[in-house]
Structures are given as C-alpha cells and as structure tokens.
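The values are calculated or read from the model by the stated rules, or taken from the named source; none is laboratory data. Everything numeric in this text was worked out from a predicted model, so none of it was measured. A quick note on method: Cβ atoms are made from the backbone with ideal geometry, for glycine too, and the neighbour counts reach across all protein chains shown.
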Amino acid sequence: MAEFSIPQQRDALVTDLQSRMSPAGQRPRIGVIGTGMMGREHIRAILQLDQVAITGLYDTDSESLALAALEFERRGLPTPPRFSSVRR
C-alpha cells in the first residue's frame, strides 16, 4: 500500500468531497446550532473547506453568536442570519 503525506491525504479527501457535492456546483446549505467553542471550531472547518454554505447560526448566548459572526468577518464573508430564539 502506498503511503501518502498529510497534504496528499487532504487533497484526496477534498477531491472526494467535491465529487459528492450537489449537482451543478450547488453547495449544500446548513445551519449551525450551538456556537460555543466546538460550534466555532465546526464553523472554521466548514469555512476552510468551502464546500458548504452556512445559512444560519443559532445560540441562546448572544456573546457566543457574536464570536461566531467574527469567524465570517475575519474572512471577509457576509455573516449569516443569527437566531437566539425559536419563537418568531
């Protein structure tokens, strides 16, 4: 079995993910529920891969939502809508 370097493994994984994407280049859309430490780690990973569109953020903690919004601002991306309640 051939050994691969970490960059080669990453590139192979990204290529595999791209081949499984929605047709016509449409990126799947998701909302992130919970923007604490792990939620923000997920946001960073999703933004780094650039394979999925984050269309909303939810958390009852407004400080946590603000920190999650910074992840988008740091990359010059529009911040998705933020929600702190399930009520309309």
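Computed quantities for the displayed model
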| quantity | calculated |
| --- | --- |
| Tabulated pairs, the stretch 25-38, first without any contact (Cβ under 8 Å) to a residue 40 or more places away in the chain and closer than 21 Å to Leu70 by Cβ, second among the β-branched types (Val, Ile, Thr) and outside any strand (DSSP E or B), C-beta under 7 angstrom, 6+ apart or interchain | Ile30/Val52; Val32/Ile43 |
| In the stretch 12-60, the residues that are modelled with pLDDT under 85 and of a type in the set (D, E, K, R) | Asp16, Arg20, Arg27, Asp50 |
| Selection count where residues are in contact with a strand residue (DSSP E or B) (Cβ under 6 Å, 6 or more places away or on another chain) and more than 22 Å from Leu17 (Cβ to Cβ), scope the stretch 61-88 | 5 |
| Of all residues making up the stretch 50-60, the number that are assigned to a loop (DSSP other than H, G, I, E, B) and either polar (S, T, N, Q) or farther than 27 Å from Asp16 by Cα (or both) | 3 |
| Count of residues meeting criterion [more than 11 Å from Arg75 (Cβ to Cβ) and in a helix (DSSP H, G or I)] in the stretch 33-44 | 6 |
| Hey, Leu47 part of a loop (DSSP other than H, G, I, E, B), closer than 28 Å to Asp11 by Cβ and of a type outside the set (Asp, Glu) or not | no |
| Flag if Glu63 is modelled with pLDDT of 95 or more, surrounded by fewer than 11 Cβ atoms within 10 Å (Cβ to Cβ) and not in a strand (DSSP E or B) | yes |
